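Below is one structure, written out as structure tokens; comments come after it.
The values are calculated or read from the model by the stated rules, or taken from the named source; none is laboratory data. All values reported here derive from a predicted model rather than from experimental measurement. Cβ placement follows ideal geometry from the backbone for every residue including glycine, while neighbour counts extend to all protein chains displayed.
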Amino acid sequence: MTHSTVTNDAPPRPALTPAQRWQADITAGFLVFLIALPLCLAISLASGFPATAGVFTAIVGGLLAPWISNSELTIKGPAAGMIVIVLGCALEFGGGKDATAEAQRHAQELTLGVAVVAGLLQIGFALFRSGVLAEMFPTAAVHGMLAAIGVIIMGKQIHIMLGVTPEGKEPLHLIAEIPHSLLHANPEIALIGVLGLILLFAWPVIARGPIRRIPPQLVVALLGMGLGMWFDLDHTHTYSFRGHDYEVSSKLLVDVPNNIRSAIMLPDFSGVTTPTGIKWIVMFALIGTLESVLSAKAVDLIDPQKRRHDPNRDLLAVGFGNTLASFLGGLPMISEIVRSRANIDNGAKSRFSNLFHGVFLLLFVALLPDLIHRIPHAALAAMLVYTGSRLAHPREFAHMYQIGTGQLAVFVATLLGVLATDLLIGVAIGIGLKIVLHLFHGVMPWSLVKADVEVDENDVGVTVVRVRSPAVFSNWLSLRKRLMSADPSRELVLDLSGSRLIDHTVMAKLFQLQADLSLAGRRMRIEGLDSHQPLSRHPLAARKQVPSSAACR
């Protein structure tokens, strides 16, 4: 990495006073609250839970996490990426649109029991400093999983946005029914949903000046409320449009209790020892941890002050938050990237903006539940369709193709595997294909588990870490451990000339680690890549040693 000195003759900005910092955090917290409220409601309903479940999660995340985590600018709350997991768990416990109200509630209580145990497992991960485990997942498989979640969200929410109840339950069936729903859409409901979706996509273009600070999700919610009152959705009635009759009723509006305490739901632990319970405990803990760790790390990269958080301490906050939120009837919590980005863009200075966002949510649901009831499901569905489209955006496919055809293959295999089966099997398919590709490139099976590393501390204050085996996603943790254990007072050199293959995941992790060490005042030089051939023109593409180089062990 090249270092240069930048000269700036401008006087340094004066440090903010405590009062100015509090004002900045309160303002950012309020603006994030405006984004979080409709999204929390949408995620709750899409997860098969009462609308307030996601709000409870964000409140707990706001009030609890700032006192435990040192991730300064992350916002804790429910995330669209966990919808598929929560809904899948509830469905396997007997919930769903065809279940009775009693069966649906019991499925939700069993799901909460699973979430409590998963939260305790995350606390264990943090105490044993296992937050780094999320780093071993191959990047292409993670992106494929998130893209599949985006497709599933869109496949389900498009029907709600159009005011149609689909017959299918599985993702592929729901996707296949989209043309039918387009032809049989409820015009008034579809107008609310489609206008909201258009507004979300157009907002970055049409919003100018101070209006840009208004969250588009809030505008969509207000638009939906206005149209809902115009169409009188609060009262059951039918209307005719082009020779067809359509029915609307208050069922198309968000249902919330007038007393927030009556929305609290206690977990049922009778399902946690069943095969279904164990499966979903693992899914909740692993996927939630992976999403949270990756999001918190991404927030570090855009923090204006370049502060770095302790991933285990942040995971401890998430674990405690998940455990408490699940005892109240809340959804799983992660460090959420979209709201965290908005937090930074709106001038947050510390973790207490997260606290204020939680306080505003608590006050709103406690004092103004009637306003929430005015929001149509179609408006919330439009927000989730927009979110899903960002997770599964065509640029994700283009990005993977630019990195290499192998990465695209893993990405697509994971995506299709999740759609055709479930998250766990789909991710396993992606990881399995990644391993097969490594074996095809000559990686020996024993090299997949542990990197062969030699450490040499010379007399000139340099520690040289020589890698003698392939450096791939599955042995990255062992390589990372050797790099992190080097004496911080010495210069660190990583010599990859003896490694036959460096995969994309490790390339990305190495440059990220190099940047992290640089911000901490340490320097790491990466050498030996000249003897490798990139598998594409992308700077983070996998690299394979040319035939004249040393053979892999």
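Being over 21 Å from Gly193 (Cβ atoms), in contact with a Gly (Cβ under 6 Å, 6 or more places away or on another chain) and either surrounded by fewer than 24 Cβ atoms within 10 Å (Cβ to Cβ) or in the same structural domain as Leu197 (by TED's automatic domain parsing) (or both) is a description that applies to Ala58.
Scan segment 423-432 and give yes if some residue there is touching a Lys or Arg at 6+ places or on another chain (Cβ under 6 Å) and either in the same structural domain as Ile502 (by TED's automatic domain parsing) or in contact (Cβ under 8 Å) with a residue 40 or more places away in the chain (or both), otherwise no. Among the residues of segment 423-432, not one is touching a Lys or Arg at 6+ places or on another chain (Cβ under 6 Å) and either in the same structural domain as Ile502 (by TED's automatic domain parsing) or in contact (Cβ under 8 Å) with a residue 40 or more places away in the chain (or both), which makes the answer no. Just checking, which of Leu200, Leu182 is aliphatic (A, V, I, L, M) and in contact with a Phe, Trp or Tyr (Cβ under 6 Å, 6 or more places away or on another chain)? None of the other options fit; the residue is Leu200. Would it be correct to say that Ala99 is hydrophobic (A, V, I, L, M, F, W, C) and not in a helix (DSSP H, G or I)? Criteria met by Ala99. None of Ser474, Ser489, Ser478, Ser485 is among the polar types (S, T, N, Q), under 17 Å from Ala140 (Cβ atoms) and out of contact with any strand residue (DSSP E or B) (no Cβ under 7 Å at 6 or more places or on another chain) except Ser474.
Could we say that Ala99 is touching a Gly at 6+ places or on another chain (Cβ under 7 Å) and surrounded by fewer than 24 Cβ atoms within 10 Å (Cβ to Cβ) here? So Ala99 does not fit the description; no. Restricting Gly347, Gly330, Gly358 to residues that are assigned by TED's automatic domain parsing to the domain that holds Pro257 and closer than 28 Å to Ile198 by Cα narrows the list to Gly347.
Here Leu218 fulfils each of the conditions (1) part of a loop (DSSP other than H, G, I, E, B); (2) surrounded by fewer than 18 Cβ atoms within 10 Å (Cβ to Cβ); (3) not aromatic (Phe, Trp, Tyr) apart from (1).
Could you list, in sequence order, all residues of segment 156-177 that are of a type in the set (A, V, I, L, M, F, W, C), surrounded by fewer than 22 Cβ atoms within 10 Å (Cβ to Cβ) and farther than 15 Å from Gly388 by Cα? Correct list: Val164, Leu172, Ala176.
If the condition is being more than 16 Å from Thr505 (Cα to Cα) and part of a helix (DSSP H, G or I), then segment 527-542 contributes Asp530, Ser531. Screening Val385, Val410, Val359, Val338 for residues that are over 25 Å from Arg105 (Cβ atoms) and in contact with a Lys or Arg (Cβ under 6 Å, 6 or more places away or on another chain) leaves exactly one candidate, Val410. Of the residues examined, Arg313 is not one that is assigned to a helix (DSSP H, G or I), without any contact (Cβ under 8 Å) to a residue 60 or more places away in the chain and either within 30 Å of Leu120 (Cβ to Cβ) or of a type outside the set (Asp, Glu) (or both).
Name every residue in segment 185-199 that is hydrophobic (A, V, I, L, M, F, W, C) and either in contact with a helix residue (DSSP H, G or I) (Cβ under 8 Å, 6 or more places away or on another chain) or not assigned by TED's automatic domain parsing to the domain that holds Pro215 (or both), in order of residue number. Result: Ala185, Ile189, Ala190, Leu191, Ile192, Val194, Leu195, Leu197, Leu199.
Residue pairs whose Cβ atoms lie under 7 Å apart, sitting 6 or more positions apart in sequence or on different chains, and linking a residue in segment 87-110 that is of a type in the set (Asp, Glu) to a partner that is part of a helix (DSSP H, G or I) and at pLDDT 95 or above, are Glu92/Thr276.
Could you please let me know if Gly528 is in contact with an Asp or Glu (Cβ under 8 Å, 6 or more places away or on another chain) and outside the structural domain of Val436 (by TED's automatic domain parsing)? For Gly528, the condition - in contact with an Asp or Glu (Cβ under 8 Å, 6 or more places away or on another chain) and outside the structural domain of Val436 (by TED's automatic domain parsing) - is met.
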